[in-house]
Amino acid sequence: MSERSIGVTLLGCGVVGGGVVNILTQQRDLLRQRTGLTFDIRHIVVRDAGKHRGDLPVPLTTDAAAAIDDPGTQIVVELIGGTTTAGTHIERALKLGKPVVTANKSLLSARGGELFALARKHDTCIAFEASCGGGVPIVESLMKGLLANRIDALVGIVNGTCNVILTRMTRNGWTYDEALKEAQRLGFAEADPTLDVSGRDAAQKLALLASLAFNVGVAESDIHVEGIDTIQPTDIQFARDLGYVIKLLAIAERHVQGVGSKDPHHPGQAKPGEFLNLRVHPTLVHKDDVLAEVGGSFNAISVYGHALGHALFYGRGAGQMPTASAVVSDLLGVALGTTPLAFKQLRIFPDTTPRASVLPFHDLQSRYYLRLMVKDQPGVMGQVSQILGNHGISLSAILQRETDDGQNVPIVITTHRATEGPMRRALDQINALPTITPPTVCLRIIDQPKEFAGG
Ligand SMILES: NC(=O)c1ccc[n+]([C@@H]2O[C@H](COP(=O)([O-])OP(=O)(O)OC[C@H]3O[C@@H](n4cnc5c(N)ncnc54)[C@H](OP(=O)(O)O)[C@@H]3O)[C@@H](O)[C@H]2O)c1
């Protein structure tokens, strides 16, 4: 068995880059024993070399071009983040035929197709395990372990920040603002948390995962996105009373449509055929569902394969060492030759697949949770049920609590499966009633696994 040393340039040595240096230096012997490979860190590129302290194997540099161009650099690891500088450096490496390992979901969800094509043109590859689910080996699984399956659905908690916030709101009874402040204090949320709490980060990851799972090109803009910043403690409590937990879920589901849309207001849009239903939104998950137990910064991704059935991938979705674990496993895959081979052969990357046919969001079918603030007077519920009935929506449960002011009473309704378009129009009519104080809260409910198994 041959032994080889591989020259690596690290672009970025922050949270994740620091973890990669740690594993490559501290676990050098273990990696060599297991694989016959040692990684020789040739350059570490940062923005400001002066601010770094600590024990690093090579002096820091700000000259990315020289580091990438160095003939001794065989693999480039991009851990800068963002789409501009990182994109330029990745292009440079690929044009030299050097493989790139990256954790950058923003860049890949925006320009993945183009960069994958560039890699292919120069007979090299991009590895990106750490871009989705941190340390959870979901990309590798979709590229290998699950390949024999037609994937019917992928349902994931893929944003640790949102999960930390919702977990605190659920377990401690905190408001969104209290939970966000605590998440920021503990380093789970950025000073500007918009990318995370808006659901966009989860959508970027879903775009990448859905592309691999369904072998179609998915863009972030294909995904319906709702964030968690409007979730109120009262909805968490009502959900709990009904036996549910609220989670931010990223969902991609294969949808086989028959003879056209059931929504008479959009008859032309939904064609028969196979569509992807793509969405990120706060969701009521039954308390017995495995996803309900996924707390704090953990991620979990349920995958439904036609042969395997339901499988769950669970682990740390972010943080220094879990993310570095995924980056180093990519380095090994590239150096061992398995990743370049898969990249060359598989037709699952966005530059090798057709664009997804996306199910229009108004054709989504789901169960719903509605919270209405109604004037405490007779007949209101009759009006509300009538409107829902007129749109073909049938009620599953109704929950009412008394309030102090005696004026407005929260009423929670759960429905049987209904279609999004009619639900939206029913809500417009309900919100216009003089007895209702808008807006009515509308969240979706999922029933794993029965809703997603088989399709
Ligand atoms: N943190 C996580 O838990 C996590 C999880 C999954 C994926 N990721 C992804 O991993 C990547 C890195 O994240 P991170 O948390 O490690 O970021 P970070 O801590 O902010 O580190 C970024 C590094 O990039 C360097 N850098 C920034 N701009 C640069 C430029 N123009 N030229 C050269 N170097 C530059 C910084 O240099 P200075 O040190 O001099 O500022 C720093 O070393 C991102 O794509 C992120 O989305 C992170």
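The values are calculated or read from the model by the stated rules, or taken from the named source; none is laboratory data. Bear in mind the structure is a predicted one, so any value in this text is a computation, not a measurement. Positions of Cβ are backbone-derived with ideal geometry, glycine not excepted, and every protein chain shown enters the neighbour counts. Ligands, DNA and RNA are excluded from the accessible area calculation, which covers all protein heavy atoms including side chains. Shrake-Rupley method; radii C 1.70, N 1.55, O 1.52, S 1.80 Å.
Annotations for the structure displayed:
- Counting only residues that are touching a Lys or Arg at 6+ places or on another chain (Cβ under 6 Å) and either away from the ligand (no atom under 15 Å from the Cβ) or of a type outside the set (Ser, Thr, Tyr) (or both), region 125-145 holds 3 of them.
- Residues (β-branched (Val, Ile, Thr) and assigned to a loop (DSSP other than H, G, I, E, B)) located in region 67-85: 73, 80, 83, 84
- The set of residues in region 91-102 being open to solvent by 20 Å² or more (accessible area, probe 1.4 Å) and either within 12 Å of the ligand (Cβ to nearest atom) or of a type in the set (Lys, Arg) (or both) consists of 92, 95, 98.
- Selection within region 1-46 - farther than 21 Å from residue 337 by Cβ and exposed (fewer than 13 other Cβ atoms within 10 Å of the Cβ): 26, 29
- Of the residues in region 290-310, at least one is without any contact (Cβ under 8 Å) to a residue 12 or more places away in the chain, more than 16 Å from the chain's Cα centre (by Cα) and in a helix (DSSP H, G or I).
- Selection count, region 339-367, where residues are among the aromatic types (Phe, Trp, Tyr) and touching a His at 6+ places or on another chain (Cβ under 9 Å): 1
- Within region 20-55, restricting attention to residues that are near the ligand (Cβ under 8 Å from one of its atoms) and not in a loop (DSSP other than H, G, I, E, B), the residue that is modelled with the lowest pLDDT is 51.
- Subset of region 58-80 (residues that are in contact (Cβ under 8 Å) with a residue 40 or more places away in the chain, within 15 Å of the ligand (Cβ to nearest atom), open to solvent by 20 Å² or more (accessible area, probe 1.4 Å) and out of contact with any Leu (no Cβ under 7 Å at 6 or more places or on another chain)): 60
- Options 46, 76, 101: the member that is hydrophobic (A, V, I, L, M, F, W, C) and more than 17 Å from residue 131 (Cα to Cα): 46
- Looking across region 354-387, just one residue is within 23 Å of residue 285 (Cβ to Cβ), open to solvent by 40 Å² or more (accessible area, probe 1.4 Å) and among the polar types (S, T, N, Q), and that is 365.
- Here 333, 392 are screened, and the one residue that is touching a residue at least 12 places away in the same chain (Cβ under 8 Å) and part of a loop (DSSP other than H, G, I, E, B) is 392.
- Residues (of a type in the set (Val, Ile, Thr) and open to solvent by 10 Å² or more (accessible area, probe 1.4 Å)) located in region 290-322: 290
- Some residue of region 408-418 being farther than 25 Å from residue 224 by Cβ, in contact with a Phe, Trp or Tyr (Cβ under 7 Å, 6 or more places away or on another chain) and in contact (Cβ under 8 Å) with a residue 60 or more places away in the chain: no
- Residue in region 106-114 that is of a type in the set (Lys, Arg) and free of Cβ contacts under 8 Å to residues at least 40 places away in the same chain present: yes
- Search result, residues across region 131-180 that are open to solvent by 10 Å² or more (accessible area, probe 1.4 Å), small (Gly, Ala, Ser) and touching a helix residue (DSSP H, G or I) at 6+ places or on another chain (Cβ under 8 Å): 135, 173
- Checked against the criterion of being part of a helix (DSSP H, G or I) and near the ligand (Cβ under 9 Å from one of its atoms), region 6-13 has no qualifying residue.
- Filter result for residue 110 (at pLDDT below 95, surrounded by fewer than 24 Cβ atoms within 10 Å (Cβ to Cβ), within 16 Å of residue 212 (Cα to Cα) and touching a helix residue (DSSP H, G or I) at 6+ places or on another chain (Cβ under 9 Å)): yes
- Pairs, first closer than 22 Å to residue 324 by Cβ and in contact (Cβ under 8 Å) with a residue 60 or more places away in the chain in region 83-105, second aromatic (Phe, Trp, Tyr) and within 11 Å of the ligand (Cβ to nearest atom), C-beta under 9 Å, six or more apart: 101/128; 103/128; 105/128
- So residue 88, is it open to solvent by 20 Å² or more (accessible area, probe 1.4 Å), away from the ligand (no atom under 15 Å from the Cβ) and assigned to a helix (DSSP H, G or I): no
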